[in-house]
Structures are given as structure tokens and as C-alpha cells.
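Input: a single structure, listed below in C-alpha cells.
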Amino acid sequence: MHKTLILDGNQVSRTIKEQLKGRIEYLAAKSIVPCLATILVGSDPASETYVRMKGNACKRLGMDSRRIYLDESITTESLIETIISLNNDPDVHGILLQHPVPSHIDERAAFEAISIDKDVDGVTAIGFAQTAFDYGRFPSCTPAAILAILDEYDLSIEGKHAVVIGRSPILGKPVSQMLLNRNATVTICHSKTRDLAQIVRLADIVVAAVGKPKFVQGDWIKPGAVIMDAGYNPGNIGDVDYDACFLQASAITPVPAGVGPVTIAMLLKHTVDAAFYSNQL
Ligand code: NAP
């Protein structure tokens, strides 16, 4: 009988956080508390929820978090000044600028203002390049989460054909580079891709990073493929038509409780790593 493995993101997240506890205690003994600063511009309710979740996750592990709420009307220059002051604050180890920012802000310029040592979500050009060259300290958290889940379940990557749907700077592009670095053969698809369904049918590993609910259809999936659904659409709906794809896949991440919780765990891990690095430990 066909059995599909459900890749339990909550379990993987717990494992990662468990591994962090000893490292956080080690830092505490040296009076160092890893601290993540999250900057939210404006009052988008979904972004507010993400920022709160990240802050709470820090607290539960004995880490610090700083939430910086900035008015919707802030200029790019003032936002960059805020980022620079966090760069210069030795008690802050990681900086996360919650995406998206209002359209009048130059998001790229703001991301680039984050010091590489505190770029725990791999948003800077240098961070991205380091990931692509396979020596990045902090790859973007969602791509890192996708790789962590594959590894935790011993799902091999080498030699596999991975089809990534989406090419955003924090998701589709970096996860493609990371899969390539792990010797997958990678096809990157986007909104101008022709015959998307036909390409996805060739995939051993499908990464859905589209931002469209239930976009990936069951009859696009090669029997036995592994499906990693990074989508997180309103109503807790992934980018994959889960019920239909489940029947075809050998393994699949659910939404919620798939990639999402592991993304937060990776953010915490990167912040702890940053606290170690900045203290030369
Ligand atoms: P994004 O910046 O909007 O990028 C979406 C990508 O999908 C773009 O590259 C776009 O192509 C492509 N696309 C759009 N329509 C398409 C179509 N019809 N066919 C093929 N490709 C298409 O989104 P994102 O930030 O990467 O996020 C993607 C999803 O992941 C969203 O659901 C988001 O909520 C979720 N997400 C989850 C987490 C998490 O922690 N789980 C973190 C971040 C994001 P073009 O480049 O041609 O426009």
C-alpha cells in the first residue's frame, strides 16, 4: 500500500531548539544572552503576528528579543539609521527586517544596511553570495529550514532533480543554490516559465515557493516525489494542493506545521551562532 511520509516540522523544530539549549546555557555562564532584533515597519497584521511569534520563540528559549515598531511613513534614510544603530549595539546579535516593507521604502537599500555579522536571514547581497559559494554562515532561514527537514528525514538530495517554483531573493533563489551545492540538478521556475506542469512532473524534489494557495496540482507530481511546501497563505494554506499531492508523493510537508516552525528554529539558531561568532567563541 502507498504510504506517504508526513514531514513533521514541529518535531524538527523541537530537535533544533533542544540542541540550542546547551549552547544558550554556555553563553549565559559568560553573561551573554543571544538577542534578535526584529524591525516592523507599519502595522500589517500578518507581519505583526510573525514578529510576535519570533519574539515569543526567543523568550521561551531564554534568548532576548527586541521588537522595533516603526511608523508606516518612515523614510528609507531613517530606517537605515535604525538598522545602523542596531549594527553598532553589541547586545544585539541578529537583525531581521520584516518583509514586506511599505512600497515607498527602498527595501534593498535597507537590507544592505544590515551588517553581515548580524544578517541572520541572509538578506544582504554578501549573505546571498556566501550562500551561493557554499560558505555562508547564515543562509536565509526558510531555505535553511527546507534543507534541515530533508536532512532530518535522511531524504537524499545528491543526484536528484529538484524543481523550485519561485525565484525570490529570500526563498526560491537561495534554496536553489543550496540544493545545487548539495549536488541536486536544479530547475528554477517562475511566472514566465512555460509548461510548468510538465517540468514539475520531472521532479524528484518539488519546492513550492510561489505565494499562491493550492497552486501545485496533484497530477503535476511524479509518483514518489518529495514535496516541500514553503507557502504560507492566509488561512494557513500552502502553495500545494495538499490532499491531491499527498496521494502522489513519498514525503510531504504539511501547512501549517511543516516548513514554518523550522524557519523560526533556524532564525533562533542563526542568532545563537551570531552570538558565538561576535564573542569569538
Ligand atoms: P514572492 O517574493 O512573491 O515570490 C513568488 C515567486 O513565485 C516569484 O518568483 C514568482 O515569479 C513566482 N510565481 C508567481 N506566480 C507564478 C506562476 N503562476 N507560475 C510560476 N511561478 C510563479 O514570494 P516569497 O517571499 O518567495 O514567498 C513564497 C511563499 O512562501 C509565500 O506563500 C510566502 O508566504 C511563503 N513564505 C513562507 C515562509 C515560511 O517561513 N514558511 C517564509 C517566507 C515566505 P516571478 O519572479 O516571475 O514574479
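Summary of packing: across the peptides 157-163, 139-145, the per-residue average of other C-beta atoms within 10 Å ranks them, highest first, as 139-145, 157-163.
The order of the peptides 11-23, 95-107 by mean Cβ neighbours within 10 Å, most packed first, is 95-107, 11-23.
Cross-link partners for Lys118 among the lysines, with Cα-Cα distance under 23 Å and sequence neighbours closer than 8 places in the same chain left out: Lys17, Lys21, Lys30, Lys54, Lys59, Lys173, Lys269.
Let me make sure I get this right: for the range 31-116, a, b and c are the square roots of the gyration tensor eigenvalues over alpha carbons, sorted descending. Under 1.5 in a/c it's rounded, otherwise prolate if a/b > b/c, else oblate. Which is it? In terms of gyration-tensor shape, oblate.
Bridgeable aspartates and glutamates around Lys160 (alpha carbons under 19 Å apart, same-chain partners fewer than 8 residues away excluded): Asp134, Asp151, Glu152, Asp204, Asp229. Where a ≥ b ≥ c are the square roots of the eigenvalues of the C-alpha gyration tensor, would you call the range 140-259 rounded, which needs a/c under 1.5, or, failing that, prolate if a/b is larger than b/c, or oblate? Since a/c stays below 1.5, the shape of the range 140-259 is classed as rounded.
Packing, taken as the mean count of other beta carbons within 10 Å per residue, orders the peptides 207-213, 29-35 from highest to lowest as 207-213, 29-35.
Taken about its Cα centre, the range 31-116 carries a charge dipole of roughly 520 debye when the Cβ of each Lys and Arg holds +1 and the Cβ of each Asp and Glu holds -1.
Under a 5 Å amide H cut-off, with hydrogens placed 1.01 Å from N, Ala249 pairs with Gly224 among residues at least 5 apart or on other chains. Share of carbon and sulfur in the accessible area of the chain stands at 53%, probe radius 1.4 Å. Need one word for the chain: rounded, prolate or oblate. Basis is the Cα gyration tensor (sqrt eigenvalues a ≥ b ≥ c); a/c below 1.5 gives rounded, then a/b vs b/c decides. Prolate is the answer for the chain, as a/c is 1.5 or above and a/b outweighs b/c.
Excluding ligands, DNA and RNA, the accessible surface per residue across the chain is 47 Å² with a 1.4 Å probe.
The values are calculated or read from the model by the stated rules, or taken from the named source; none is laboratory data. Only a predicted model underlies this, so the values are computations on that prediction, with no experimental measurement involved. Note that we place each Cβ from the backbone using ideal geometry, even for glycine, and neighbour counts take in every protein chain shown. For accessibility, only protein heavy atoms count, side chains too; no ligands or nucleic acids. Shrake-Rupley method; radii C 1.70, N 1.55, O 1.52, S 1.80 Å.
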